[in-house]
Amino acid sequence: MSRYATIIASGMYLPPIERTNDSMREKFGEPVDKFEASTGIKTRWYAPDDWATSDLAVEAARAALQEAGLQPTDLDLILLGTDSPDYITPATSVVVQHKLGAVNAGTFDIGCACASFPTGLNTAAGLIQVNPHIKYVLVIGAYMMHKLSDWKNDLISFFYGDGAGAAILTASDKPGFVSSTFFADGSYHKHWGIYSGGTYEPATPESVQAGRTQVRFVTPFPAEVNNEGWPARMRELARNGNFDLNEVDMALYTQVRLNSIRIVQETLGLPIEKAHWVMDKWGYTGSACIPMAFDDARKQGKIKSGDLVTFVGSGVGYNQAGSAFVMP
């Protein structure tokens, strides 16, 4: 009997502290209007100061487990995608495992920024399909970049919103996972990131004082990275999965600019109604944005049983990844 991987539940968590564009205009003025027009972002939400990324991840995981009717002890594996980890080491996924009480689960982190969730879906699907002892895998995307930024003084903090999203995969005798794709271009690795605190430049009093241990937007990415990269990943998913793009019922992309989603859908000949976005109400939630958009679309009834759903993410570095699933 064939063994497939399928998504059986999802969940998300949005923290309670709102930071609106109006509040940012008081500090930054007219540039906020320009960012709002190009991105569609109108507000974002922050976690309390004493929270870490793992706390967001645990809340999203609990929501997914509740929908699935499972206990944390049912999980065999936890994959956590984030580029705002609790620590450089150990992995944030082990903290989530402990806080969640998933004592039977192994864990590992995925560090592909906004490409982490589709990477996690692909990884989980492959592990399920070839390992009969693995039954339930939790894939989480979590983001708390505002805490690693100079959010009170840096205009780029316009983008950062905190949040987490999760999905649970299991084995099935019916097709769920359809195809995957991966791409990277490391020549962009110094465009946007946190550049002090690792082995390249260990943190020093001087680097902390200079702000190099905080996230910095150094050089803009060409628009083609997403506007041409996402259609390329979508076409690869279709080719690898032997389906036509017109068969896609819902296309989910990194939630950073609504204009990019419109351009990509038009490029692919897909109606904008076959996309979903959440950046307008939650901001850019990085590693968490795709699972949050997925859960929101499901809860709104935009994704139904039998639908073909694609996930395409693009993260700093840069990484891109795509995943395609048929919903059970």
Boolean, A297 is under 30 Å from A57 (Cα atoms), without any contact (Cβ under 8 Å) to a residue 60 or more places away in the chain, part of a helix (DSSP H, G or I) and touching a Leu at 6+ places or on another chain (Cβ under 8 Å): yes
Single residue of the stretch 105-122 satisfying the filter (hydroxyl-bearing (S, T, Y) and within 11 Å of the chain's Cα centre (by Cα)) that is nearest to A61 (Cα to Cα): S116
Whichever residue in the stretch 94-116 is touching a residue at least 24 places away in the same chain (Cβ under 8 Å) and closer than 14 Å to D55 by Cα and, among such residues, is surrounded by the most Cβ atoms within 10 Å (Cβ to Cβ): V96
Cβ pairs under 7 Å, 6+ apart, first in the stretch 196-211 and under 20 Å from D154 (Cα atoms) and not assigned by TED's automatic domain parsing to the domain that holds T89, second of a type outside the set (A, V, I, L, M) and part of a loop (DSSP other than H, G, I, E, B): S196/R212; S196/T213; G197/T213; S207/S196; S207/E201; S207/T213; G211/D150
Pair list, Cβ < 6 Å and 6+ apart or interchain, from the stretch 35-47 residues that are touching a residue at least 40 places away in the same chain (Cβ under 8 Å) to residues that are aromatic (F, W, Y): F35/F158
Answer residue from the stretch 47-77, given it is among the small types (G, A, S) and not in a helix (DSSP H, G or I) and is nearest to Y136 (Cα to Cα) among those: G69
Test: residue in the stretch 207-215 that is crowded, with 22+ Cβ neighbours inside 10 Å and either at positive phi or not in a helix (DSSP H, G or I) (or both): yes
Members of the stretch 169-206 found to be part of a loop (DSSP other than H, G, I, E, B) and acidic (D, E), listed by number: D173, D185, E201
Counted residues, the stretch 161-181 - those being in contact with a Gly (Cβ under 7 Å, 6 or more places away or on another chain) and either over 26 Å from R239 (Cα atoms) or of a type in the set (K, R) (or both): 4
Single match in S172, S93 (criterion: of a type in the set (G, A, S) and farther than 13 Å from L75 by Cβ): S172
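Within the stretch 2-20, does at least one residue satisfy the condition of being at pLDDT below 95 and surrounded by fewer than 12 Cβ atoms within 10 Å (Cβ to Cβ)? Can you show your working first?
Start the filter on the stretch 2-20 by keeping residues that are at pLDDT below 95, which leaves 2-4.
Adding the requirement that they be surrounded by fewer than 12 Cβ atoms within 10 Å (Cβ to Cβ) leaves 2.
Checked against the condition, which is being at pLDDT below 95 and surrounded by fewer than 12 Cβ atoms within 10 Å (Cβ to Cβ), the stretch 2-20 yields at least one hit.
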In the stretch 24-50, the residues that are buried (at least 16 other Cβ atoms within 10 Å of the Cβ) and over 30 Å from N227 (Cβ atoms): A47
Unique residue being over 16 Å from the mean Cα position of the chain (by Cα) and part of a helix (DSSP H, G or I) when the list is N226, N259: N259
Checking A166 against (1) surrounded by 17 or more Cβ atoms within 10 Å (Cβ to Cβ); (2) over 30 Å from K299 (Cβ atoms); (3) assigned by TED's automatic domain parsing to the domain that holds D22, the condition it does not meet: (2)
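The values are calculated or read from the model by the stated rules, or taken from the named source; none is laboratory data. What you are looking at is a predicted structure, and each value in this text was computed from that prediction instead of being measured. Because the Cβ atoms are built from the backbone with ideal geometry, glycine has one as well, and the counts that use them run over all protein chains shown.
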